[in-house]
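Right, one structure below, let's go through it.
Values quoted throughout were computed directly from the atomic coordinates according to the rules given, and no laboratory measurement underlies them. Worth saying up front: this structure is predicted, and the values here are computed from it rather than measured. Please note: Cβ atoms are built from the backbone with ideal geometry, for glycine as well, and neighbour counts cover all protein chains shown.
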Amino acid sequence: MSDDLVPAARTAIEQCLAVGDGESVGIITDEDREPIGEALYAAATAATDDVTLLRYPPGDQHGAEPPAPVAAAMAESDVFLAPTTKSLSHTRARGAACEAGARGATLPGITEDVFVTGLDAEYAAIDDACDAVLSAVEDAGEVRVTSPAGTDVAFGIGDREWLADTGSVHAPGDFSNLPAGEVFVAPETATGTVVVDGTMMPHGRLDGDRRVTFECEAGRVTSIDDDAIGDDIEAAAASVGDAAYNVAELGIGTNVGVEELVGSVLLDEKAAGTVHVAIGDNAGIGGDTEAPIHLDGILREPTVYADDEAIELPAA
């Protein structure tokens, strides 16, 4: 285990999760993220004696359910952390664990560099940025997003609740992505054009003039101009049908410590002043669509309108 990982692991255990003496902690990792899992394990053992490290092979797809023993361990722990190659954030296992009273954080696709960089943050400032964005959008019936790259899409929010990912996971049932910093919602509808010019699964950062464009109507993706992403969605649709084409999430980055996109969706979707739109599952964030896929695309330099009024976005 690299010594470089130690401060970030301590931040996660001591600040973000606030692990206390006597609490049970489950660290869920896989073969490709084991050094991060081991760093979190070491930090957790300094806070409590009841720590378990579980390792399993990387999943096939973001949002795919983990093995049953992993799901059970998450639900039976007071605290869980999941540095994994494929995301567990939008799985039934993660949702069931939080419903059972566990608090936890997932770190999907985390790398050692992102772990060190993303957890070197002032979480009070992230909290403040989340509060400011929430106050600007939480009462809006419609949110429209435009961008210089060509995005122009309107989201009907309906009665869906905006949520904040501040990185403070201190109460039973609390959940966060780490690194943290976003305000997000599972919209009821979405209509228009989304042009991703930042970072997009599975490609990473889109440099130069590279773009991914998808059209939306009535909350469904109707076309996408990228074969690799289209193939991933079609594969998910083979088991769940149209649910795989669901416009799942609208998110606004609030991590004021992230100054540039690095190619990791986990970190880049948190970058202050960006917007991300996701396709697929949103049952774990207030929506009603279950799918074995959740693909995020990050937009650079967006303008966000809450009921036709442009809002101020946080800046790094």
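Please build a GNM for the chain, connecting alpha carbons under 10 Å apart, and tell me which residue among Val240, Val145, Val25 fluctuates the most.
Its mean-square fluctuation being the largest, the pick is Val240.
Given Cβ point charges of +1 (Lys, Arg) and -1 (Asp, Glu) and nothing else, what value in debye, to the nearest 20, does the dipole of the range 3-118 about its Cα centre take?
In total the dipole reaches around 400 debye.
Place +1 on the Cβ of every Lys and Arg and -1 on the Cβ of every Asp and Glu in the range 3-118, take the dipole about the Cα centre, and give the residue among Ile13, Gly101, Ala44 whose Cα lies farthest towards its positive end.
Gly101
Simple spin-label model, 7 Å along Cα-to-Cβ: Asp50 to Glu99 in nm?
That separation, rounded to one decimal, is 2.3 nm.
If you rank Lys86, Lys270 by fewest surrounding Cβ atoms within 10 Å, what's the result?
Lys86, Lys270
Can you tell me the FRET efficiency between Thr193 and Ala235 if r is taken as the Cβ-Cβ distance and R0 is 25 Å, rounded to the nearest 0.05?
0.55
Using Cβ counts within 10 Å as a stand-in for footprinting exposure, how do Asp307, Asp226 rank, fewest first?
Ranking Asp307, Asp226 by Cβ neighbours within 10 Å, fewest first, gives Asp307, Asp226.
I need two numbers for the range 266-316: Rg to one decimal and Dmax as a whole number, Cα atoms only, in Å.
Rg, Dmax (Cα atoms, Å): 13.0, 35.
Using R₀ = 25 Å, calculate the FRET efficiency as 1/(1 + (r/R₀)^6) where r is the Cβ-Cβ separation of Ala218 and Glu65; round to 0.05.
Step by step, r from the Cβ atoms, then E = 0.35.
Per the helix-only calculation at 222 nm, which mean residue ellipticity applies to the chain, given -39500 (n - 2.57) for every DSSP H run of n ≥ 4 and division by its residues, nearest 500 deg cm²/dmol?
-6500 deg cm²/dmol
May I ask for the net charge around Asp165, where only other residues with Cβ less than 11 Å from the Cβ of Asp165 are counted and Lys, Arg are +1 while Asp, Glu are -1?
So the surrounding residues net to -3.
Could you tell me the largest-minus-smallest coordinate of the C-alpha atoms of the range 123-310 on each of the three principal axes, in descending order and whole angstroms?
42, 36, 32
Compute the separation of the alpha-carbon centres of the range 1-66 and the range 188-227 and state it in Å as a whole number.
33
Angle between the Cα long axis of helix 123-137 and the longest principal axis of the chain, 0 to 90 degrees, nearest 10?
The answer is roughly 30 degrees.
Using the Cβ atoms and a cut-off under 12 Å, what net charge is assigned to the surroundings of Ala42, where Lys and Arg are +1 and Asp and Glu are -1?
Local charge sum for Ala42: -1.
If Lys and Arg each add +1 and Asp and Glu each add -1, what is the summed charge of the other residues whose beta carbon sits under 9 Å from the beta carbon of Lys86?
Details: positive: none; negative: Asp30, Asp60.
Taking every other residue near Lys86 into account, the sum is -2.
Would you list Cys98, Cys16 from fewest to most Cβ contacts within 10 Å?
Cys98, Cys16
Using the Karplus curve 6.51 cos²θ - 1.76 cosθ + 1.60 with θ = phi - 60°, what ³J(HN,Hα) values do you get for each residue of the range 309-315, in whole Hz, with x for Gly and Pro?
10, 5, 9, 7, 9, x, 10
Nearest 20 debye, what's the magnitude of the dipole of the range 123-310 about its Cα centre given +1 on Lys and Arg Cβ and -1 on Asp and Glu Cβ?
280
Mind pulling the angle between the C-alpha long axis of helix 34-45 and the longest principal axis of the chain? Nearest 10 degrees, somewhere in 0 to 90.
Approximately 60 degrees, to the nearest ten.
Put +1 on the Cβ of every Lys and Arg and -1 on every Asp and Glu Cβ in the range 123-310; which of His276, Val196, Val258 then has its Cα farthest towards the positive end of the dipole?
Val258
Would you mind listing how long the range 147-254 runs along its three principal axes, going by Cα atoms, in whole Å with the largest first?
Taking max minus min along each principal axis of the Cα atoms, the range 147-254 gives 42, 33, 27 Å.
Antiparallel as a % of all DSSP beta bridges within the chain, to the nearest 5?
About 70 percent, rounded to the nearest 5.
If you take the beta carbon distance between Asp131 and Glu301 as r and set R0 to 25 Å, what does 1/(1 + (r/R0)^6) give as a FRET efficiency, to the nearest 0.05?
Numbers: r = 23 Å, r/R0 = 0.92.
FRET efficiency, Asp131 to Glu301: 0.60.
Kirkwood-based Rg over Rh for the range 3-118 (C-alpha set), two decimals?
Expressed as Rg/Rh, it is 0.93.
How far apart, in nm, are the 7 Å Cα→Cβ label points at Asp227 and Asp3?
With each label point 7 Å from Cα toward Cβ, the separation is 4.9 nm.
Please state the charge dipole magnitude for the chain, taken about the Cα centre, from unit charges on C-beta atoms (+1 on K and R, -1 on D and E), reported in debye and rounded to the nearest 20.
Values: 15 positive and 60 negative charges, 82 e Å.
Its charge dipole is roughly 400 debye.
Which entry in (i) 19.9; (ii) 20.5; (iii) 19.2 is this structure's computed Kirkwood radius over Cα pairs in Å?
Of the listed options (i) 19.9; (ii) 20.5; (iii) 19.2, (iii) comes from this structure.
According to a simple spin-label model (label point 7 Å from Cα along Cα-to-Cβ), what is the distance in nm between Ala18 and Asp139?
Label at Asp139, label at Ala18, 2.9 nm between them.
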